[in-house]
Structure formats: structure tokens, C-alpha cells
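This report refers to the structure that appears directly beneath it.
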Amino acid sequence: MLLPMAWFYILYSMKLDRYYLGHTSEVVVERLRKHLSDRKHWTGRAQDWRIMYTEAFEDKASAYRREREVKSWKKRSRVEALIDGSR
């Protein structure tokens, strides 16, 4: 079995009551740390982001495709169902 080389992830901010969908080739916890420390970008608006969901992929392109797929849903309820289904 290959180790994951990339991740699709979903973060949630209670302060903003918003989800953030992204992908990375870093360890997801490290990527979260960067989101929390970067006040110049969109995620800098809140400092309470937490990881709600992750999926592992063999390459960054696949993780990016998954991010685009989930973003195309445009429905919060579908994102929440994905998160709830992983618990």
C-alpha cells in the first residue's frame, strides 16, 4: 500500500459558520497551522478553524480534482453529509 502523497480536506470555523475546502501535499495538521497563522488570506479572518474531514490521495492532482468536485456541489448540506458519513 502506498502512503498518501496528498490530501483533500475540509475545515470549519464556528466564528464564521463557514467551511473551507482545500488540498495539500503537506501533512494536514501542518497545513491547518499555516491557515491559523496566515492573517492575509481568506482563512485569516478566523482563528478557530478545525479539521472536519480528510481524504488521502496518491498525488496532488487527484486531491485537487476531489476538491473541485466537492466545491461544484454548491450545497452546504452535501458537504455536511460527507463529513457526517465519515464519522
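Since every read-out is calculated from the coordinates, none of them should be taken as a lab result. Computed from a predicted structure; not experimentally measured. Here Cβ is always computed from backbone atoms with ideal geometry, including for glycine, and neighbour counts include all displayed protein chains.
Values as computed for the structure displayed
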{"item": "Eligible lysines near residue 34 by straight Cα distance, threshold 22 Å, same-chain separation 8 or greater", "result": "15, 60, 71"}
{"item": "Mean Cα-pair separation over length for the chain, i.e. relative contact order, pairs under 8 Å, 6 or more apart, %", "result": "36 percent"}
{"item": "Computed helical MRE - 222 nm, the chain, DSSP H runs ≥ 4 contributing -39500 (n - 2.57), nearest 500", "result": "-11500 deg cm²/dmol"}
{"item": "Among 28, 61, 79 the positive-end extreme of the charge dipole of the chain (Cβ point charges)", "result": "79"}
{"item": "In range of the label at residue 59: residues from region 20-42 whose backbone nitrogen is under 16 Å from the point 7 Å along Cα→Cβ", "result": "24-25"}
{"item": "Cβ-placed point charges (K, R +1; D, E -1), dipole of the chain about Cα centre in debye, nearest 20", "result": "440 debye"}
{"item": "Percent of Cα pairs exceeding the 19 Å cut-off, where the set is the chain", "result": "38 percent"}
{"item": "Cross-link partners of residue 74 among aspartates and glutamates (Cα-Cα below 18 Å; sequence separation of 8 or more within a chain)", "result": "17, 84"}
{"item": "Label-point separation, residue 36 to residue 75 (7 Å along Cα→Cβ), nm", "result": "3.3 nm"}
